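Structure first, commentary second.
Computed from the coordinates by the stated procedures, all read-outs in this text should not be read as laboratory data. A quick note: this is a predicted structure, and the numbers were derived from the prediction, not measured. When we count neighbours, we look across all protein chains shown, and the Cβ atoms used for this are built from the backbone with ideal geometry, even at glycine.
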Amino acid sequence: RNPHSTWIMKPTSKARGIGIFLVNKLAQIKKWANTRTMSGPQSQNYIISRYIDNPLLIGGKKFDLRLYVLVTSYRPLRVYIHDDGFARFTNARYNNDLTDLDNMFVHLTNVAIQKHGDEYNEKHGNKWDTRNLRLYMEATVGHERTETLFDEIEYIIISSLKAVQNVIIN
């Protein structure tokens, strides 16, 4: 585990990796906040969270999952998770070296960023469908651990929906 904490800052109203950056000292956030003006595009809200510095890698590369979830009812909670999600990969091999914090080809999977990299594959768009991800996981860690992983992902989805259930209903 990296002895340094790293934090990821994401604007709440942007997409395609725009405005995302990493910091390794909370003091950097205070300095950044002091340089912002409170009107115009700089005034938007951000979410900050601890950056996972030991992610699961495939081929040395980070990936994220895009899963499609349909909620037809919150009371009772009725949720459908579509089988056809996908994993998006980075172009560059992951490292948690502090000198690479600004290298978005290492840290972000957004296609809008990755498509500008030399290693970007236009044919498959740096993506695997969920079935291929499952097959890979089963081949590398076994069927039981893969099932546990996907069961836990499902549990996180359900728990997240339950956490906002009353807010959404109201």
TODO: Go through 21-27, 44-50 and give me the packing order, highest mean Cβ count within 10 Å leading.
DONE: 21-27, 44-50
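Highest mean first, what order results for 51-62, 126-137 on Cβ atoms within 10 Å?
Answer by packing, highest mean first, reads 126-137, 51-62.
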